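Colleague: To start, I am sharing the structure in question, which I have written as C-alpha cells.
The values are calculated or read from the model by the stated rules, or taken from the named source; none is laboratory data. Here the structure is a predicted model, which is why all the values come from computation and not from measurement. Quick reminder, even Gly has a Cβ in these numbers, built from the backbone with ideal geometry, and neighbours come from all protein chains shown. With ligands, DNA and RNA removed, areas are computed over all heavy atoms of the protein, side chains included. Shrake-Rupley method; radii C 1.70, N 1.55, O 1.52, S 1.80 Å.
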Amino acid sequence: MKIFTTKENKKLTEKYWLLTLEGEIKKPSPGQFVMVRAWPGFDPLLSRPFSIHYYEPGRLSILYEVKGRGTKLLAKLGPGKKVEILGPLGQGFPEVSSRDIILVAGGIGIAPFLFTAKEFIRKGHQVHLFYGARTQNDFLCLKEFEALGVSLTLTTEDGSLGTKGFITQPLKAYLSKHKKGVIFACGPMPMLSAVAQVTKESGIKAFVSLEAHMACGLGLCLGCVVKHKEQGYLHVCSEGPVVPAENVF
C-alpha cells in the first residue's frame, strides 16, 4: 500500500464524484485499476477497486459513483486526508497496430477512458468515443474528451442528448460502414455482451473491461471470478479487468 493525500474531491453531479490524489506509484497502463482504502478501522472491511481515470507523475484521479457504504465514505474526504492505494493492478488495454481506436462506454464505464484516450492519442492513434447514458445529466467529462481531439458519438435512453436509444445502434452503423479499428469497451455486462455481438458480426477485434466485486485485487481470494467461455473461470483482478471479448461473450 502507498499513502496518497487528497488534493480535491469534487462533486460533478448528484451521484458522481472526481477524487484527485497526490502521491507516487509506478506509471499505470490505460485500463488498470487501484484498490482504495480511505477510512479508519474495519468498517467497511475491504478496500474498493476503481479504474484509473487519469494519471500524471505525482497525481492520480478516480471517477466514482456514490452508491454504497465505501463510496459514501469516500465522498466525505476533504483536502489533505490520507488514502491508502494499492496498484496499479490488473491487465489494461493492449498495444494495438490499428490506427483507429474505438472506445465504447456505458454510464460510469467512462471512468478509464480519459487516461486511455490521452495515451493512445499520444502514440499517434485516432480515437473515437461512443458513449451511452440514461439521460444528458449522466454524461461526464465531455469537454475533456473534446479538448483531446476525441470524436464523440452520444446516445441517451430518453433522447435528451444525442441519439435516442442504446450506444450499440450507432456503433453497429459505424462498423458496417468503416470495418476497421479496435474496440475497447467498458460498462455494464449487458452492454458489453451487446458490443461483443456487434463486433463479432463486423469481424472487428474487441477488448472489454470487466467489473466484479473484489476483496484483494491480487488474484489470491478467488472472489472476482468470471466464467471463461472455454477454460473454466478467469480472475478479473489479475487476468483482467481487460480481456478479449470472445473469452467471455
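Colleague: Which residue is modelled with the lowest pLDDT, if the candidates are limited to the stretch 202-233 and must be within 19 Å of the chain's Cα centre (by Cα) and outside any loop (DSSP other than H, G, I, E, B)?
Modeller: That would be VAL225.
Colleague: Say we look at the stretch 129-177 and pick out the residues that are among the hydrophobic types (A, V, I, L, M, F, W, C), over 17 Å from the mean Cα position of the chain (by Cα) and in a loop (DSSP other than H, G, I, E, B); which of these is surrounded by the fewest Cβ atoms within 10 Å (Cβ to Cβ)?
Modeller: LEU161
Colleague: Just one of the numbered conditions (1) surrounded by fewer than 21 Cβ atoms within 10 Å (Cβ to Cβ); (2) over 26 Å from PHE139 (Cβ atoms); (3) free of Cβ contacts under 8 Å to residues at least 40 places away in the same chain is not true of LEU218; which one?
Modeller: (3)
Colleague: Residues being open to solvent by less than 20 Å² (accessible area, probe 1.4 Å), farther than 14 Å from CYS186 by Cβ and outside any strand (DSSP E or B): count how many of those fall in the stretch 26-57.
Modeller: Selection size over the stretch 26-57: 4.
Colleague: Please enumerate the residues belonging to the stretch 234-249 that are polar (S, T, N, Q) and either touching a helix residue (DSSP H, G or I) at 6+ places or on another chain (Cβ under 6 Å) or part of a loop (DSSP other than H, G, I, E, B) (or both).
Modeller: As a first pass, look at the stretch 234-249 and keep what is polar (S, T, N, Q): 238, 247.
Once the filter is applied, which keeps residues that are polar (S, T, N, Q) and either touching a helix residue (DSSP H, G or I) at 6+ places or on another chain (Cβ under 6 Å) or part of a loop (DSSP other than H, G, I, E, B) (or both), the stretch 234-249 yields only SER238.
Colleague: Here's a follow-up. Kindly list the number of the only condition in (1) in a helix (DSSP H, G or I); (2) in contact (Cβ under 8 Å) with a residue 40 or more places away in the chain; (3) under 16 Å from GLY132 (Cα atoms) that fails for VAL198.
Modeller: With respect to (1) in a helix (DSSP H, G or I); (2) in contact (Cβ under 8 Å) with a residue 40 or more places away in the chain; (3) under 16 Å from GLY132 (Cα atoms), VAL198 is out only on (2).
Colleague: Scanning for something modelled with pLDDT under 90, small (Gly, Ala, Ser) and in contact with a strand residue (DSSP E or B) (Cβ under 6 Å, 6 or more places away or on another chain), does the stretch 186-201 turn up at least one residue? Talk me through it step by step, then tell me what you get.
Modeller: As a first pass, look at the stretch 186-201 and keep what is modelled with pLDDT under 90: none.
No, the stretch 186-201 contains no residue that is modelled with pLDDT under 90, small (Gly, Ala, Ser) and in contact with a strand residue (DSSP E or B) (Cβ under 6 Å, 6 or more places away or on another chain).
Colleague: Considering only residues that are in a loop (DSSP other than H, G, I, E, B) and either closer than 20 Å to PRO49 by Cα or open to solvent by 70 Å² or more (accessible area, probe 1.4 Å) (or both), which ones fall in the stretch 79-93?
Modeller: Here is the first cut: in the stretch 79-93, the ones in a loop (DSSP other than H, G, I, E, B) are 79-81, 90, 92-93.
Of everything in the stretch 79-93, those that are in a loop (DSSP other than H, G, I, E, B) and either closer than 20 Å to PRO49 by Cα or open to solvent by 70 Å² or more (accessible area, probe 1.4 Å) (or both) turn out to be PRO79, LYS81, GLY90, GLY92, PHE93.
Colleague: Here is a follow-up. Are there any pairs with C-beta distances below 6 angstrom linking a residue in the stretch 90-106 that is among the charged types (D, E, K, R) to a residue that is open to solvent by 30 Å² or more (accessible area, probe 1.4 Å), with the two at least 6 apart or on different chains, and if so which?
Modeller: ARG99/GLN126; ASP100/GLN126; ASP100/LYS180
Colleague: Is it the case that some residue within the stretch 18-25 is open to solvent by less than 20 Å² (accessible area, probe 1.4 Å), in contact with a helix residue (DSSP H, G or I) (Cβ under 7 Å, 6 or more places away or on another chain) and in a strand (DSSP E or B)?
Modeller: So far as the stretch 18-25 goes, yes, one or more of its residues are open to solvent by less than 20 Å² (accessible area, probe 1.4 Å), in contact with a helix residue (DSSP H, G or I) (Cβ under 7 Å, 6 or more places away or on another chain) and in a strand (DSSP E or B).
Colleague: Moving on to the next point. Quick one: which of GLY68, GLY80, GLY87 is out of contact with any strand residue (DSSP E or B) (no Cβ under 8 Å at 6 or more places or on another chain) and of a type outside the set (D, E, K, R)? Give the derivation first.
Modeller: Working: GLY80 fails: out of contact with any strand residue (DSSP E or B) (no Cβ under 8 Å at 6 or more places or on another chain); GLY87 fails: out of contact with any strand residue (DSSP E or B) (no Cβ under 8 Å at 6 or more places or on another chain).
None of the others qualify; the one that does is GLY68.
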